[in-house]
Amino acid sequence: MSTSSSTVSRKRLFFSVLLAMLVRSATAGPYTLHQNNVGSSFLSNFAWQNITDPTNGRVEYVDKATALQENLTYASDDTFIMRADYTTTLSADGPGRKSNRIMSTARYNTHVAVFDIRHMPQGCATWPAIWETNPNEGTSGGEVDILEGVNDVEPDSVTLHTTGTCTMPSSRNQLGTSLSDNCSSSDTIEDGNNGCAVDAPYTSSYGPTFNNYGGGYYALERTAEYIRVWFWSRNDTGVPSEVSSGSSDINTSEWGTPIAFFPDTDCDFSKEFTSHNIIIDLTFCGNWAGAAFSSAGCSGNCTDYVNNNPSAFENAYWDFAAARIYLPSSNTSSNTNSKTSDAAAKLAVSSSALSPLFGHSFLEQAAMLIAGGLLVLAGGFMPF
């Protein structure tokens, strides 16, 4: 094969791959509402886990009946609250501070989860989290930490945890700052090998500042090819209307650049991530919050603080307006597939028709630039 023919073939191959990526990106966007958790529906669609805290926190996770009886959880038409006990002084040799850990009764693969949060737990010793995993498998089935932090230290950190070989590209299409590109994790906080974390670019994404702004919206999109997380503060003018209104149909390709983006470039998602439950919890001290207690500006010993300062946890509560789960819209995806394929075909026909006037090389490069531009607008990963 001549050098000229080889070059043309490589260009055509690259163009075909790029168009395939464009089709894949376009078909990932549309989703339809599957479960709208508002008010008392949280009580039906989540299970309370009165288990020993796997992160060794100074906490006593209570069952659903206890949480309701002691007013540690309650719901109204448009509000769902989960809070810590803030009236009891604890015995040093007794159980920890009462709190909630809930888990969705359903598991999900490809999906979008949107959390409309008015208030999140705050205070020294607190370790709140919204995350996804399969509790029967732990990190061997993957874990996605959507909203997590300790001791009021801003901003939020979005993190993937895996056990196999899984790394992220150092440069990718996200607003946040990558802290580590190696997603493989262990159970030991101190060893520094704790997933591929991305710090959100806004202090309003976590803790007291999050609450002072009236909370905000977190959204996770998980597909077979990537995981993306967005955050918008409550009054952010850039909040997509379909997010703030709780629309029954959404299209993530119109949501702009996420705060965190994890592509499958060097990570086999089919092996590293199984079906996941959604978990929302609040623990105290433990492996992370306890170890970082002093460095966060909190005085004394973390466990003693939790035991002897009940009033310090009055603001340690979750207030959810909604948690909405969306699944792929098969009809919409089919339509998008058709439209994108038609566009690709028309682009190919146009290229053939115009090549006598402009030449193959010019048209192929122009087509690649157009397709690449569309891919960026769709929020995809560019291989340049």
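Bear in mind these aren't lab numbers, they're just calculated from the coordinates by the rules spelled out. Small disclaimer: the values here were computed from a predicted structure and weren't measured. Reconstructed Cβ throughout: ideal geometry from the backbone, glycine too, with neighbour counts over all protein chains shown.
Across segment 304-311, coupling constants 3J(HN,Hα) worked out from phi with the 6.51/-1.76/1.60 Karplus curve, θ = phi - 60°, read 4, 4, 5, 5, 10, 10, x, 5 Hz, and Gly and Pro carry x. The alpha-carbon atoms of segment 111-250, seen along their principal axes, cover 39, 38, 32 angstrom, with the largest extent given first.
Cβ-to-Cβ counts within 10 Å put Met103, Met168, Met82, Met120 in ascending order as Met103, Met168, Met82, Met120, the fewest first. Neighbour counts of other Cβ atoms within 10 Å put Cys298, Cys124, Cys285 in the fewest-to-most order Cys298, Cys124, Cys285.
Give the residue from Ala84, Thr110, Gly176 lying farthest towards the positive end of the charge dipole for segment 55-179; charges sit on Cβ (+1 for Lys and Arg, -1 for Asp and Glu) and the dipole is referred to the Cα centre. With unit charges placed on the Cβ atoms, the residue in question is Thr110. Ranked by the mean number of other Cβ atoms within 10 Å per residue, highest first, peptides 48-54, 206-212 order as 206-212, 48-54. Taking Lys and Arg as +1 and Asp and Glu as -1, the other residues whose beta-carbon sits under 13 Å from that of Met120 total -4. Using every pair of separate Cα atoms, the Kirkwood estimate puts the hydrodynamic radius of segment 32-328 at 19.2 angstrom. Note on segment 101-185: Rg/Rh from C-alpha atoms, Kirkwood Rh, equals 0.96. Under a model in which nothing but the beta-carbon of Lys, Arg (+1) and Asp, Glu (-1) is charged, segment 209-257 shows a dipole of about 200 debye around its Cα centre. Cα centroids of segment 144-161 and segment 256-282: 14 Å apart. With the convex hull drawn over the C-alpha atoms of segment 59-153, the volume per residue is 155 Å³. Charged neighbours of Trp255, selected by a Cβ distance under 10 Å, balance to -2 (K, R count +1; D, E count -1).
Each residue, Thr89 and Ala296, gets one label point 7 Å from its Cα in the Cβ direction; the gap between the two is 2.4 nm.
In this Cβ point-charge picture (+1 for Lys and Arg, -1 for Asp and Glu), segment 32-328 has a dipole of about 420 debye about its Cα centre.
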